[in-house]
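A quick write-up on the structure given underneath.
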Amino acid sequence: MTEANRKIVEFIRDEWVIPLDNNSKFAVDHNVDEKTVRRIRDDENYQISLLTIMRICHAKNLTLASFFKMVGI
């Protein structure tokens, strides 16, 4: 499970957070706390919640199934 979590966090970080390069904007646009965005970006042990994944997917207009397929899970 830890391996899957890491893949999810790294995907979100590498594909969406880092390219935007603005934690506050990502947080507002995706209905998550800025502290969560900092954790996604910097915390190697961050355990992302399903609610956070769902909020990001909703903002990206993705289903959970399509998101997990993108991540490779």
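The values are calculated or read from the model by the stated rules, or taken from the named source; none is laboratory data. This one's a predicted model, so the numbers in the text were calculated from it and none came from an experiment. Note: ideal-geometry Cβ built from the backbone for every residue, glycine included; neighbour counts use all protein chains shown.
Here are some notes:
- If you go through the stretch 15-38 and pick out every residue that is in a helix (DSSP H, G or I) and acidic (Asp, Glu), you end up with 3.
- Residues of the stretch 39-73 satisfying the condition of being among the small types (Gly, Ala, Ser), loosely packed, with under 15 Cβ neighbours inside 10 Å and not in a loop (DSSP other than H, G, I, E, B): 65, 66
- Taken over the stretch 14-43, the criterion of being out of contact with any helix residue (DSSP H, G or I) (no Cβ under 8 Å at 6 or more places or on another chain) and modelled with pLDDT under 95 is satisfied by 21 alone.
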